[in-house]
Amino acid sequence: MALLEATGISKRYGGIVALDNVSLFVDQGEAVGLVGPNGAGKTTLFDCLNGVRHIDGGRILFDGQRIDRLPVYERARLGIGRTFQRLELFAGMSPREHLMVAERVHRGDGRLWKDLIGRGRASAPVPRVEELLVELGLGAVADDPIESLSQGHGRLVELGRALAQDPLLMLLDEPSSGLDTRETVGFAAVLVEVRARRHTAMLLVEHDLDFVRRVVERTYVLDFGRMIASGRVDEVMAEPVVRSAYFGEVT
Amino acid sequence: MTQFLSYAIPGLPYGCVFALMAVGLVLTYQTSGVFNLAYGAQAYASALVFYVCVNAGWPNWAGFLAAVVVVAPLLGLAMDRFLYRFIRSAPVLVKLVSALGMLIAIPSALQLIFGNQARLAPPSLWLAPGAVYFHLAGDAINGTELSTVIVTLAVVLLASLMSHFTQIGLRMRAMAESPRMVQLAGINSERVGIAIWVLSSFLAGLAGVLLAPLFAELQALNFTELLVAAIAAAALGSLTSLPLAFWGGIGLGVVQELLGGYLPSGTVLSSGLRPALPFAVLIVLLLALPGLRERWFHDDPLAGCDPPPPPMAATIGGHGLEELLRGGGSLVLAVFFVSCLTWVPSNWTFTLTQGIAYSIVFLSIVLLTGMSGQISLCQATFAGIGAFTCAQLATHFGLSVFMGIVAGGAVAAAVGVVVAMPALRLGGLALALATLAFGLLADNVGFQYSWSGNGETGVNIPRPQLGSLNFTSGKAFFVLAFILLIVCSAVVLAIRQGTTGRELAAMRGSELAAASIGTNLAKLKITVFAVAAALAGVGGALYGSLQGTVSPDDFNSFLSLVFMVVVVTTGVYTVQGAIQAGMAYVILYQVLDYLPSQWRNLFPILFGLGAITYALHPEGVVEWQKRRVVETVVSLRKHPETVG
């Protein structure tokens, strides 16, 4: 059975149909791409999958459980991690603190009474967090203020924060945007390595087709809210319907 | 029907004033993205200038020119050019706090200039206030009412003609639709923006001058309430529609008078609910209108096209400095404690004990605003709930005052949960407005009953007694208050250092990301709101027990605004900041007491101006100075040779 199974997803904004009967699935440990021109509805689909927006039709199964009515935080606790196209970082916190708070929330350690008797304090370094920092190459900047980091490091911190929850599925929203070529290649390598080590399933929204090829096995193509193709990256990109969606009619 | 009309017609003049303000508010919010809370203060400024001019013997038209045509637009323009222009893309917290600073500073500055004597019988703009011009459905229509309605209609007619038939009007309408598109069309949007500020300030000034004679005395507070009424009317138009805002204002004025007519007279409900109607309407609208909620979730009409706001973090910090400050703070606190028990004169011990009670209330603002990024404008109300609970339980049920203080905190927390639950989906601006309206509702209705605040008479709270230990003496009570402060500070520190504190910081940074790592934002917000309300309640009860008698005036909504501004100025991120704020609050008040009464206005001016520096120094301008001084001293000690 697939880890994530979305069937017939529809989403409307007023009169605009952003998603029209979209279906997709991601298997355990699988990396899947989601490409499409700007405005195709990729981020909207992500928002629907992790609960930021409610769907108007269809259903979403995750790990065998129906999740389309659950709030964002419950889906996160079930094992859906997410990164954002426009960085969403916690101002005033260091990378290490970003990972720590995610790890603690994941452990369910957020009880107020525990804090009041001093049980919630961070005293010793958490092995999982230290491991992740090293794995992602954030060791050198772990205690720097988040505002001083580059976009590339910011993306890694978001990735680390999501991984600190030990997710079954990662939703990655255009991780290469704002990165230079070297950083993009590096980030793709990190993703491949993370998946090899942790077997985390990934759903990747991305414009950079090179990046997509490096990371995923197969991909979906979304255009104007409709799923127009799916399959292996190169085969899909060769399909006429996809070429016309990206480049217009080729005569 | 005649009776209905006879109740409804006197509401029209109020409705007109609400409508003018509502239209002006929507105009500037739509075009500049700043929700101008200082709008009420602008109306007050014009009303005051008009009063002063007319009383100095100027003819009405000259007063009108000075107050509405000159002073009002200049004031609005100055605010836009020197303040709002720079914070358009700032986080909603910054915008609100800055506007709040202006709201508090402007009326006080005016009173400092023109004197703060009572100003009775404000003059009517045009027709004679006493004269009855005609009767309509049994109502005698006097000059004030008639001129208000006529002038409003004339101005609205002119404004809509201008907006439809002139070049600048077309551009203004385009600006209201989308400021960015106007820029792209090659129009100097700054210039159109200035025109809009001038127009909107003119409307505020006009509303102020028209409203003043409807009350017996010219008071700044009436204009804060006018502001909330205008906000409610603007909310009826979802903060976007000018016609809806206008008719919302008219409707609100009429319904207010209808309520006054139909409700049984002589009860708290009829005397309180009539003025409180706009606040009730605002709360209901915030909760019920999904469009409004959605709008406020994005909280800024310009969001999405502007770059993300700069991060909010202390500009001077670092680990060594933090530890030094903490150590130094403890030392100062110890010296303070010993001094109060030994050489400090008893009237100053009393003052400083007041400061401790305020510090505990201010801790709630540190927790809510500094640590969680939420804005509550009703913390004084929670303090009142704590005090009145303690008083009622102690006098009517014989509960010990100790338990009463605890119970005060508990009841405040329970009310906090009730307020927070519906307000949860609201963020930023909407939460601020909902809590402001809640506070005003408590002022006008909730605290007026004999079982709560007992209106103007107030309630008595004895000093606590624990077995044979008696806290009636000033020093003993000081020790008790000091211990309570330490306990409350420890609670806030424990929350900050624990997981909850990290989650709060995460929520402040990005609600979206906090939710997607599994944080239950709803629960977190309710919890922090309840704890903050409890802290305020304990502080309020302690204050009440110190004073002996407290009335709703000790905890009114205006104080909530002042509290916010004071804490933001002295340091909203740290426990030390709250204690600095509490002490600064009482000490400054005591010092200003030695000066002529007019100079007491310096207090709100100083803190109001402090608040508008929030964008530059989010850690608080006082805290920033303190850090700078400490850092300089430290670096001097480390590298003495570099000096000179």
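We did not get these values from a lab; they are worked out from the coordinates using the rules stated. Just so we're clear, the structure is a prediction, and the values are computed from it rather than from any experiment. All Cβ positions, even for glycine, are placed from backbone atoms using ideal geometry, and neighbour counts span all protein chains on display.
Listing for the model above:
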read-out: Zone residues, segment A:1-40, relative to A:Arg69, backbone N less than 20 Å from point 7 Å out along Cα-to-Cβ; value: A:5-12
read-out: Helix-only CD estimate at 222 nm, as mean residue ellipticity for chain B, using -39500 (n - 2.57) per DSSP H run (n ≥ 4); value: -23000 deg cm²/dmol
read-out: Helix axis angle, A:151-163 relative to chain A longest principal axis, alpha carbon, degrees; value: 80
read-out: All-pairs alpha carbon distance profile, segment B:2-298, 5 Å steps from 0, percent; value: 1, 6, 11, 16, 19, 17, 14, 9, 5, 2, 1, 0, 0
read-out: Whole-number percent relative contact order across chain B, with pairs defined as alpha carbons under 8 Å at least 6 apart; value: 21
read-out: Selection from B:Ala47, B:Ile168, B:Ser452 lying farthest towards where the dipole of chain B points positive, charges on Cβ; value: B:Ile168
read-out: Distance from segment A:209-251 to segment A:49-109 (C-alpha centre basis), Å; value: 28
read-out: For residues of B:521-531, the mean tally of beta carbons on other chains within 10 Å; value: 2
read-out: Neighbour-count ranking [beta-carbon atoms within 10 angstrom, fewest first] of A:Asp234, B:Asp139, A:Asp56; value: A:Asp234, A:Asp56, B:Asp139
read-out: C-alpha center-to-center spacing [segment B:1-57, segment B:145-173] in angstrom; value: 15
read-out: Alpha-carbon Debye profile of segment B:343-399, log10 I(q)/I(0) at 0.30 Å⁻¹; value: -1.07
read-out: Whole-percent pair-distance distribution, where bins are 5 Å wide, for the alpha carbons of segment B:434-532; value: 2, 10, 12, 12, 11, 15, 15, 12, 7, 4, 1
read-out: Simple label model, 7 Å out from Cα along Cβ direction - A:Trp113 to A:Gln28, nm; value: 3.7
read-out: Hits among lysines - C-alpha to C-alpha of A:Lys42 under 23 Å, sequence gap 8 or more where chains match; value: A:Lys11
read-out: Spherically averaged projected area of segment B:320-633 from its Cα convex hull (nm²); value: 16.9
read-out: Alpha carbon convex hull of chain B, projected area averaged over orientations, nm²; value: 32.5
read-out: Whole-number D in µm² s⁻¹ for chain A, Kirkwood Cα-pair radius fed into Stokes-Einstein, 20 °C, 1.002 mPa s; value: 113
read-out: Inter-chain shielding of B:500-512 (mean C-beta neighbours from other protein chains, 10 Å cut-off); value: 6
read-out: Relative exposure of B:Ser339, B:Ser452, judged by other C-beta atoms within 10 Å (fewest first); value: B:Ser339, B:Ser452
read-out: Inter-centroid distance (Cα atoms) of segment B:341-419 relative to segment A:160-205, Å; value: 49
read-out: Over chain A: helical MRE at 222 nm, DSSP H runs n ≥ 4 each giving -39500 (n - 2.57), nearest 500; value: -11000 deg cm²/dmol
read-out: Hits among lysines - C-alpha to C-alpha of B:Lys475 under 30 Å, sequence gap 8 or more where chains match; value: B:Lys626
read-out: Magnitude of the charge dipole, chain B, Cβ model with Lys/Arg +1 and Asp/Glu -1, debye to 20; value: 900
read-out: Helix A:95-107 vs. chain A, principal-axis angle (Cα, 0 to 90°, nearest 10); value: 90
read-out: Selection from B:Gly115, B:Val34, B:Pro129 lying farthest towards where the dipole of segment B:2-298 points positive, charges on Cβ; value: B:Val34
read-out: Overall dimensions of segment B:19-142 as given by Cα atoms, namely Rg and Dmax in Å; value: 17.3, 53
read-out: Sorted by Cβ neighbour density within 10 Å, fewest at the top, the residues B:Val633, A:Val221, B:Val491, B:Val567; value: B:Val633, B:Val491, A:Val221, B:Val567
read-out: Average partner coverage of B:485-498, which counts Cβ from other chains inside 10 Å; value: 3
read-out: Charge dipole magnitude, Cβ of K and R +1, D and E -1 - the protein assembly as shown, Cα centre, debye nearest 20; value: 880
read-out: √(5λ) per eigenvalue of the Cα gyration tensor, segment B:70-214, largest first, Å; value: 33, 24, 11
read-out: Helix B:268-288 axis, angle to chain B major axis (alpha carbon atoms, nearest 10°); value: 90
read-out: Ordering of B:540-550, B:475-485 by packing [mean C-beta count within 10 Å, highest first]; value: B:540-550, B:475-485
read-out: Coordinate range along principal axes, alpha carbons of segment B:473-598, Å, largest first; value: 55, 34, 26
read-out: Translational diffusion coefficient (Stokes-Einstein; Kirkwood radius from C-alpha pairs) of the protein assembly as shown at 37 °C, 0.692 mPa s, in µm²/s; value: 110
